[in-house]
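These notes are about the structure you will find just below.
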Amino acid sequence: MEEKLNILNNRLKEFKSSVIAFSGGVDSTFLARIAKDVYGDNMLLITATSSTYPFYELEEAKSLALLLGIKHKIIVSEEIDIPGYADNPPDRCYYCKSELFGKIKYIANKEGYEVIFDGSNADDLKDFRPGMKAKQEKGVISPLAEIGFTKSDIRHFSKELNLPTATKQSYACLASRFPYGEKITKIKLDRLGIAEFEVRKLGFTQFRIRSHENLARFEFIPSEMDKAWGIKSQLEDICKKSGFSYITIDLTGYRTGSMNEVLSESDKQGYEKRPLNNV
């Protein structure tokens, strides 16, 4: 495993300066910490705030940037204003990432940074991720995925480096909580963000609330399912106060990308074969 770390350092040293798309999550925080040793002050973290990025995640990103001692810029990238995005098609993520990395690329070019990195890892390559194509178009490099770092690897090294994100929940934007085809609105995003924020306080290590119109569907990891059933009245109270009418617990439990389960392989391949639009 140490060999991966050596390869990562050598990969980063191919460039003299960098910008990192920084969410404050497990992956981008680890990458930023390693990059700090390589680039010193010749790097910049950029975090995009929007309706799909909860306020508490933004505050954590700010705190982590301060902890790491790296320059940090916050920009606005409001996905729901992109034509067609709010209709929530299966390739929604492509439009989001195209806008985001387009803005980051503009800043990187303007301020003279040589390369843009993001924190995608090897596990991300196993799921349907139309946003990957947008990264290709904008020339963004994902060194952790390239080298084969899994989420488990990143948590391992993060613990060794005493990063507070070593045990942080995996995070995905709030838009990923909606079934494809359901209209995404700011009201729905706010409702979902508030509910997840309150449930986080109950001490669950990994969960999701999937939003199906007025129904909140909880996904918990198997080891925390009994805990969820034991406090189901609290979960119901949180969701109803947030604006949901009905609450259910998914018996299959938490899994990443569960909204992609309804897509056939041919559906996925159709979006993944979109011609590159090199802009």
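Does the stretch 148-159 contain any residue that is surrounded by 15 or more Cβ atoms within 10 Å (Cβ to Cβ), closer than 30 Å to Gly84 by Cα and not charged (D, E, K, R)? Checked against the condition, which is being surrounded by 15 or more Cβ atoms within 10 Å (Cβ to Cβ), closer than 30 Å to Gly84 by Cα and not charged (D, E, K, R), the stretch 148-159 yields no hits at all. Here is the figure for the stretch 30-51: residues that are assigned to a helix (DSSP H, G or I) and either within 20 Å of Gly102 (Cα to Cα) or aliphatic (A, V, I, L, M) (or both) total 5. Once the stretch 190-206 is narrowed to residues that are of a type outside the set (Phe, Trp, Tyr), surrounded by 17 or more Cβ atoms within 10 Å (Cβ to Cβ) and over 17 Å from the mean Cα position of the chain (by Cα), the residue that is nearest to Lys232 (Cα to Cα) is Val199. What's the total number of residues in the stretch 190-224 that are within 24 Å of Ile80 (Cα to Cα), part of a helix (DSSP H, G or I) and not charged (D, E, K, R)? The qualifying residues number 5. Only one of the numbered conditions (1) assigned to a loop (DSSP other than H, G, I, E, B); (2) modelled with pLDDT under 95; (3) within 30 Å of Lys4 (Cβ to Cβ) is not met by Ser176, and that is (1).
Number of residues in the stretch 5-29 that are surrounded by 23 or more Cβ atoms within 10 Å (Cβ to Cβ), part of a helix (DSSP H, G or I) and more than 14 Å from the chain's Cα centre (by Cα): the value is 0. Just one of the listed residues (Leu163, Leu100, Leu144) is within 24 Å of Lys36 (Cα to Cα) and touching a strand residue (DSSP E or B) at 6+ places or on another chain (Cβ under 6 Å), and it is Leu100. Here Leu125, Leu58 are screened, and the one residue that is of a type outside the set (S, T, N, Q) and closer than 24 Å to Leu8 by Cβ is Leu125.
Quickly run through the stretch 49-67 and pick out the residues that are surrounded by 18 or more Cβ atoms within 10 Å (Cβ to Cβ) and modelled with pLDDT of 95 or more. If you could, list the steps in order and put the result at the bottom.
Applying the first criterion (surrounded by 18 or more Cβ atoms within 10 Å (Cβ to Cβ)) to the stretch 49-67 yields 50-54, 57, 60-61, 64-65.
Of everything in the stretch 49-67, those that are surrounded by 18 or more Cβ atoms within 10 Å (Cβ to Cβ) and modelled with pLDDT of 95 or more turn out to be Glu60, Ala61, Leu64, Ala65.
Among the residues making up the stretch 170-189, a single one is surrounded by fewer than 17 Cβ atoms within 10 Å (Cβ to Cβ) and free of Cβ contacts under 8 Å to residues at least 60 places away in the same chain: Ile187. Of the set (1) touching a helix residue (DSSP H, G or I) at 6+ places or on another chain (Cβ under 8 Å); (2) modelled with pLDDT of 95 or more, all apply to Ser120 but (2).
Of the residues making up the stretch 225-247, those that are of a type in the set (A, V, I, L, M) and either exposed (fewer than 12 other Cβ atoms within 10 Å of the Cβ) or not in a strand (DSSP E or B) (or both) are Met225, Ala228, Ile231, Leu235, Ile238.
If I filter the stretch 121-131 for residues that are assigned by TED's automatic domain parsing to the domain that holds Gln206, more than 16 Å from Ser23 (Cα to Cα) and either touching a Gly at 6+ places or on another chain (Cβ under 9 Å) or among the aliphatic types (A, V, I, L, M) (or both), do I get at least one hit? Steps first, answer last, please.
Of the stretch 121-131, the ones assigned by TED's automatic domain parsing to the domain that holds Gln206 are none.
No, the stretch 121-131 has no match at all.
From the residues in the stretch 158-169 that are in a helix (DSSP H, G or I) and either in contact (Cβ under 8 Å) with a residue 40 or more places away in the chain or not β-branched (Val, Ile, Thr) (or both), which one is nearest to Ser211 (Cα to Cα)? It comes out as Thr165.
For the stretch 109-147, the set of residues classified as in contact (Cβ under 8 Å) with a residue 40 or more places away in the chain, under 18 Å from the mean Cα position of the chain (by Cα) and not in a helix (DSSP H, G or I) consists of Ile116, Phe117, Asp118, Gly119, Ser120, Asn121, Asp127, Phe128, Pro130, Val140, listed by residue number.
The values are calculated or read from the model by the stated rules, or taken from the named source; none is laboratory data. What you see is a predicted model, and the numbers here were worked out from it, not measured in a lab. In this analysis, Cβ positions are derived from the backbone assuming ideal geometry, glycine residues included, and neighbour counts consider all displayed protein chains.
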